[in-house]
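Trainee: Sharing a structure with you now.
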Amino acid sequence: NCAYNTAGCLNENCVDNVDNDADTLVDCLDTNCAAECADACNTVPTIADPGTVSGTTTGHADVLTNSCGTALGGTSGPEVVYQTSAAITGFMHVTLTSASADQGISAWTGCPSVGTEIPNACSDIDFGTNGVELISIPVTAGQAVHLLVDGFANASVGTYTLDVETVAAATCGDGFVDGTEFCDDGNIIDDATCNATCTAACGDGVCTAAGGES
């Protein structure tokens, strides 16, 4: 009845870097994860909104790819996929923090093997360790979204933290480019990255490089 020995009583979570079923085999080393580790779309774990998960791409296959990593010269790497559902109508904020590898995040209408990448919802620009990638997705309450954590290259394998939270309205200075915002560098200070109102207004006295001003 599993009162004392929980081995075999739980299913292995194939992406969280934890031995869930207590058989001493973690994630992709566990034969129960063979299908998911061969193709992330075979079994897709869920992340709540709002919610946070930690995981690893170690041992997973390189089958899927995003648009922004390859546009920057990446060759793609091992990946995992999550599914979530928007709690409210607004902007879904997704933050990927990669502690040990260069990894990107992108949002899709379905699992990438059958879905399409949502426009402007891909980020793989922060090279190096402890990189943070941010994407914002306009959503309606109940909308399903799939999130692809993908390595920049085949050797880009390691742990990460993924955060999801949908907000009702855009807020200049939160780091996410929402709605009509042209830029958002995480503050409300006029500088060369973005001005205090997150717009690109010719004549405002600020040369907003992110807005294409020169």
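The values are calculated or read from the model by the stated rules, or taken from the named source; none is laboratory data. All values reported here derive from a predicted model rather than from experimental measurement. Backbone-built Cβ (ideal geometry, glycine too); neighbour counts: all protein chains shown. Side chains included, ligands, DNA and RNA excluded: accessible areas come from the protein's heavy atoms. Shrake-Rupley method; radii C 1.70, N 1.55, O 1.52, S 1.80 Å.
Trainee: How much length is gained if the chain between V18 and T109 is pulled fully straight, taking 0.36 nm per residue apart and subtracting their Cα-Cα distance, in nm to one decimal?
Mentor: 29.9 nm
Trainee: Now for a different question. Apply 1/(1 + (r/R0)^6) to the Cβ-Cβ distance of A38 and T140, taking R0 = 35 Å, and write down the FRET efficiency to the nearest 0.05.
Mentor: That pair, A38 with T140, gives E of 0.55.
Trainee: Roughly speaking, to the nearest percent, how much of the chain's 1.4 Å accessible area is carbon and sulfur? Don't jump to the answer; show the numbers that get you there.
Mentor: Numbers: 5590 of 9990 Å².
So the carbon and sulfur contribution to the accessible surface is 56 percent.
Trainee: Let me ask something else. With a cut-off of 14 Å, note down the residues of the stretch 38-75 whose backbone N falls inside the zone around a label point 7 Å from the Cα of T161 toward its beta carbon.
Mentor: 51-56
Trainee: With a 1.4 Å probe and every protein chain left in place, work out the accessible area per residue of the chain in Å², rounded to a whole number.
Mentor: 47
Trainee: Cut-off 10 angstrom, C-alpha nodes, Gaussian network model of the chain. Which of V18, V63, V114 fluctuates the most?
Mentor: V114
Trainee: Once you place label points 7 Å from the Cα toward the Cβ at S100 and T171, how far apart are they in nm?
Mentor: 3.3
Trainee: Continuing with this model, one more query. Hey, with R₀ at 22 Å, roughly what FRET efficiency would A48 and I125 work out to, going by the Cβ-Cβ distance, to 0.05?
Mentor: The value I calculate is 0.25.
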